[in-house]
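Peer 1: Okay, here's the structure, questions in a sec.
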Amino acid sequence: MIGGPFDLLGGVQKAKPQSEGGHDVGAQAALLASVQDVMKQLLIGEGRDGRREARMTLDESLMPGVTVALYEDAGAWVTDVMCSHVDSYQTLARAVFDLARQMSLALSRDAHWRITLDAEDANDAVTVEAYASCT
């Protein structure tokens, strides 16, 4: 079992949690630096089917060929991961059930993770999914 989603990337330092109501500028700066280190690109706006989503492309040196879309659907948070590299797909696919469970627990919401290994022919794409209920 992994400790959290960033543990998959290895070596990324997590910011220490700040106390409720406090403003720890150092922790906020460390968190922002970690996010910037793992992301190559971040887009927020209209995604497929006209829904609002955040789409991130992870840095190639950490996990090559990975794009993540995060959106809400029918009351659940959905994480749609597209992988163009088989190694990245295998790493994420092995952890899909833990990732869904951790997200559900962290957000107190249902979570659905879908990880797809992209292929030139859409019929050859491979997908693994996991759903975790917050109840």
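Peer 1: Which one of Thr91, Thr79 is of a type in the set (Val, Ile, Thr) and closer than 18 Å to Ala54 by Cβ? Even if it seems obvious, please write down each step before you answer.
Peer 2: On the way: Thr91 fails: closer than 18 Å to Ala54 by Cβ.
Answer to the check: Thr79.
Peer 1: While we're on this one: Grab the strands (runs of 3 or more DSSP E) fully contained in the range 35-126, keeping just those with 2 or more residues being touching a helix residue (DSSP H, G or I) at 6+ places or on another chain (Cβ under 7 Å), modelled with pLDDT of 90 or more and not small (Gly, Ala, Ser). Lay out the reasoning, then the answer.
Peer 2: Working: elements: 39-46, 52-58, 66-73, 76-83, 111-117.
Fully inside the range 35-126 and qualifying: 76-83, 111-117.
Peer 1: Which number in (1) surrounded by fewer than 20 Cβ atoms within 10 Å (Cβ to Cβ); (2) in contact with a Phe, Trp or Tyr (Cβ under 9 Å, 6 or more places away or on another chain); (3) not hydroxyl-bearing (Ser, Thr, Tyr) marks the one condition that Arg94 misses?
Peer 2: (2)
Peer 1: Checking the conditions here, which among Arg109, Arg101 is surrounded by 16 or more Cβ atoms within 10 Å (Cβ to Cβ), over 17 Å from Arg55 (Cβ atoms) and among the basic types (Lys, Arg)?
Peer 2: Numbers: Arg109 fails: surrounded by 16 or more Cβ atoms within 10 Å (Cβ to Cβ).
Only one candidate passes the filter, namely Arg101.
The values are calculated or read from the model by the stated rules, or taken from the named source; none is laboratory data. Small disclaimer: the values here were computed from a predicted structure and weren't measured. Glycine gets a Cβ as well: all are built from the backbone with ideal geometry, and neighbour counts include every protein chain shown.
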